[in-house]
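Q: I have a structure I would like to understand better, so I am pasting it below and will then ask my questions one at a time.
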Amino acid sequence: MSLELVIRSIFSTFFLASVIRICTPIILPAMGGLFATAAGTFNMALEGIMLWGAFTGVFVSAYTGNVWLAVLCGILVGILVSMILAVFHLEYGVNLVLGGLAINLFSSGGTVFLMYTLIGEKGNTSILPSLSVPNVAIPIIKDIPILGEILSGHPVFTYLAFFMVFVAYIVMFRTRFGTHVRAVGENPEAATTLGINVKKVRYFAIGISGALSALGGMSLSMAYLQMFQRDMSAGRGWIALAAVNLGARHPIGTLAAAMIFGLADAVANQLGSLNIPSQLVQIIPYATTIIALAVYAVQQKTAAIARMKKFQEAHFEDIKAHGETAD
Amino acid sequence: MKALLKTKGFREFLRVLLALAIGLSLGFIITCFVSKDPLASYKAFLFGPLSQLNRIGDWLEESTTLVFLGLAVAIVFSAKQFYIGVEGQMILAALVSGVVVLYAPFPPAIRIVLAFAAGSLMGFIWGVVPAYVKAYLNASELVSSLMMNTIALKLFEYLLSTYLQLPKVSGIMSELFPKEVRLVSFIPNLPFLAETRALWEKQTSVTVMVYVAIAAVLVAYLLLYKTPFGYELRMVGSNNKFARYGGVNVKRIIMLAITTSGLFAGLAGVHVALGIHHRIVLNMSAGLGFEGVNIAILAFNNPLIVPFASLLYGYLRAGADVMERTTDVSRELVTIVQAAVLLLITAERLLPVIQQRVTTQDDEEHLQEKGEANVA
């Protein structure tokens, strides 16, 4: 395929639809990570919780034949696993990074262990008749020529993901709970003096991150694919964390960052049809993450220096105006 | 006994033992649920590595890799940098050292030396990017090192399958390294050891890397505890701001801590390529990624304890292997046990029972003495 064709396909409706599709399993855990990070409990375990969500969804749907029960169970398992981290961190002082790593180890090993125990396979669950969630055709939009192709016909999780951004924004900035979360993250001591139960808020924030990560995992195993694969979250949980950082802990910023990764991934997929080796192309989203992190860090630094300078200048002017000596 | 209990090291040791005991019990409970013959399965897990000479060999080989990984992580963790990109450094080092051994136009001995140098240098270089963005731009080393791991794995896969792939083989692998660059057995070639050596060589492939690992432990210890660099590194780890006020160039130390740890991670790669697989194959780092973290935590980031932690986890990993091959329980059980141990050890406020009892006893004695003094 020639480069021209690739470029043309990048500007096609199909491409934009694929960006939206690829973003879904990043946006959901990112919104979860946002709550945890905002409450001051950076949740490293998103990656592992996604695996549990994906795993539970597939097995429950295969054994019961009920998609929605499977989704519900997946969410509950996600919350349960996140509570392990919460209890060990909040009650027993486990470092968040190490605790998160432990949960990821437990998830990666535990899902494969259970998969082997239940069906005797270690790679994937393709032999199971698991279900996927239905796609949604949006009534009016689906008939609009271009917009319909881009926006309509995605799996339920995709719409849920974008809806969650909206919900996260409302909860974070328009509710009592959101204010508490931000207060606890900003200054736990001050929050305590105001009578906020810091621990309780953090439990809820970590629980939310567990539920949303599990949904993200299920969007991989019950929409993107129709089976569970070992380690199928493949770094998306970490990319979601990076998105939270880059999005300055704001739902809209986080969404934008997650979309950038989705875009990088989708471009990589398109380039894969050129003669460029697929492994090199697959590096793009990860390299993008590092570059974005670096750029963001530089920006933060210059902003901080600018703030300092402004403050200094204001101070000097103050001194001049009042004729004080700077001793 | 009580004097012993008062030393922090001994209390920590007891804590680790307790954590291990709980972790292994958890493993047994899980085995009871999934295995038809739990006792036999768990026996294979716990005693399997000792049952045959070749299994002892596997254990020692595995542990050697773990020593290098554990040292690498212990160094960065000593500077309190949550850098976990050891896997990427290791896999690329394995690739580079393999290429040197296969294609460098030199006599075998020089090729081996070059392979070691190239491998550890590769580990060093792969640490530069995350080290730089952390030290000079203050971007999270955690996320960037995780990204670098994935990039390294993809790069490895690409280079291996494009340039080194053996034709007409189903698996993705390079050709075997020539016989003359194989590392020699760790048992010296002495007349009275000839029989043992022949036996070990026939059944195992434990190489002189064992001695390299021991040397690496000493080097890491001296580096961390007997040099100004190590002192500054630990100071950055215990109190970053204090170190900066004390005139330590914190950025330089962070940069060097991450890259230096790459030297050790690189050696792990060299060992995996030259000592274990004798070729470059896909998935050679399988499951080793976070093993270094497990070991560094178990060893309290102390290089001198790293070999013991490595032998322990190497043993459990080898045992899990035996269990998977001989019983109906999957080897991932060991990951679950390790995760539990990691959580329990890092739980500062859990398992402090021993410590509390000693201190309260002390207080009571003090009170009693005071009381007696008052009475007198």
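The values are calculated or read from the model by the stated rules, or taken from the named source; none is laboratory data. Keep in mind that what you see is a predicted model, and the values were worked out from it rather than measured. Here Cβ is always computed from backbone atoms with ideal geometry, including for glycine, and neighbour counts include all displayed protein chains.
Q: Working only within segment B:316-346, note down all residues that are touching a residue at least 24 places away in the same chain (Cβ under 8 Å) and outside any helix (DSSP H, G or I).
A: Selection gives B:Thr327, B:Asp328, B:Val329.
Q: Let me ask something else about it. Would you check which residues across segment B:174-210 are closer than 30 Å to B:Thr162 by Cα and either assigned to a loop (DSSP other than H, G, I, E, B) or of a type in the set (Lys, Arg) (or both) and list them?
A: Within segment B:174-210, B:Ser174, B:Glu175, B:Leu176, B:Phe177, B:Pro178, B:Lys179, B:Arg182, B:Leu183, B:Ser205 meet the criteria.
Q: Turning to a different aspect of this structure: Consider segment A:72-111. How many of its residues are surrounded by fewer than 24 Cβ atoms within 10 Å (Cβ to Cβ), among the hydroxyl-bearing types (Ser, Thr, Tyr) and farther than 20 Å from A:Met222 by Cα?
A: Residues in segment A:72-111 being surrounded by fewer than 24 Cβ atoms within 10 Å (Cβ to Cβ), among the hydroxyl-bearing types (Ser, Thr, Tyr) and farther than 20 Å from A:Met222 by Cα: 1 in total.
Q: Do you know which residues across segment A:115-154 are under 25 Å from A:Leu72 (Cβ atoms), among the hydrophobic types (A, V, I, L, M, F, W, C) and not in a loop (DSSP other than H, G, I, E, B)?
A: Result: A:Met115, A:Leu118, A:Ile119, A:Val136.
Q: Another one. Do you know which residues across segment A:235-283 are among the hydroxyl-bearing types (Ser, Thr, Tyr) and modelled with pLDDT of 90 or more?
A: Answer for segment A:235-283, where residues must be among the hydroxyl-bearing types (Ser, Thr, Tyr) and modelled with pLDDT of 90 or more: just A:Thr254.
Q: Kindly indicate which of B:Phe192, B:Phe264 is among the aromatic types (Phe, Trp, Tyr) and surrounded by 20 or more Cβ atoms within 10 Å (Cβ to Cβ).
A: Just a single option satisfies the conditions, and that option is B:Phe264.
Q: So which residues in segment A:224-279 are away from chain B (no Cβ under 12 Å), more than 23 Å from A:Gln300 (Cβ to Cβ), part of a helix (DSSP H, G or I) and among the hydroxyl-bearing types (Ser, Thr, Tyr)?
A: A:Tyr224
Q: Okay, moving on. Among the residues of segment A:61-71, which ones are in contact with a Leu (Cβ under 6 Å, 6 or more places away or on another chain) and buried (at least 24 other Cβ atoms within 10 Å of the Cβ)?
A: A:Ser61
Q: Follow-up question, since we're still on this one. Select from segment A:42-58 the residues that are surrounded by 24 or more Cβ atoms within 10 Å (Cβ to Cβ) and not aliphatic (A, V, I, L, M) and write down the one among them that is farthest from A:Val133 (Cα to Cα).
A: A:Asn43
Q: Between a first residue in segment A:36-52 that is more than 17 Å from A:Pro251 (Cβ to Cβ) and outside any helix (DSSP H, G or I) and a second residue that is charged (D, E, K, R) and at pLDDT 90 or above, which pairs have beta carbons less than 6 Å apart while being 6 or more apart in sequence or on different chains?
A: Filtered contacts from segment A:36-52: A:Thr41/A:Arg202.
Q: Suppose we keep only residues that are free of Cβ contacts under 8 Å to residues at least 40 places away in the same chain and touching a Ser or Thr at 6+ places or on another chain (Cβ under 9 Å) within segment A:226-263. Which one would you say is nearest to A:Phe173 (Cα to Cα)?
A: Residue satisfying both the conditions and the ranking: A:Ala248.
Q: Part of a helix (DSSP H, G or I) and either of a type in the set (Val, Ile, Thr) or touching an Asp or Glu at 6+ places or on another chain (Cβ under 7 Å) (or both), is that true of A:Val81?
A: Judged against the criteria, A:Val81 is a match.
Q: A further question follows. Before we move on, is B:Gly289 part of a helix (DSSP H, G or I) and either surrounded by fewer than 24 Cβ atoms within 10 Å (Cβ to Cβ) or of a type outside the set (Val, Ile, Thr) (or both)?
A: In short, no.
Q: Here is a further query. Assigned by TED's automatic domain parsing to the domain that holds B:Ala135, under 25 Å from B:Leu46 (Cα atoms) and either among the charged types (D, E, K, R) or touching a residue at least 24 places away in the same chain (Cβ under 8 Å) (or both), is that true of B:Ile253?
A: For B:Ile253, the condition - assigned by TED's automatic domain parsing to the domain that holds B:Ala135, under 25 Å from B:Leu46 (Cα atoms) and either among the charged types (D, E, K, R) or touching a residue at least 24 places away in the same chain (Cβ under 8 Å) (or both) - is not met.
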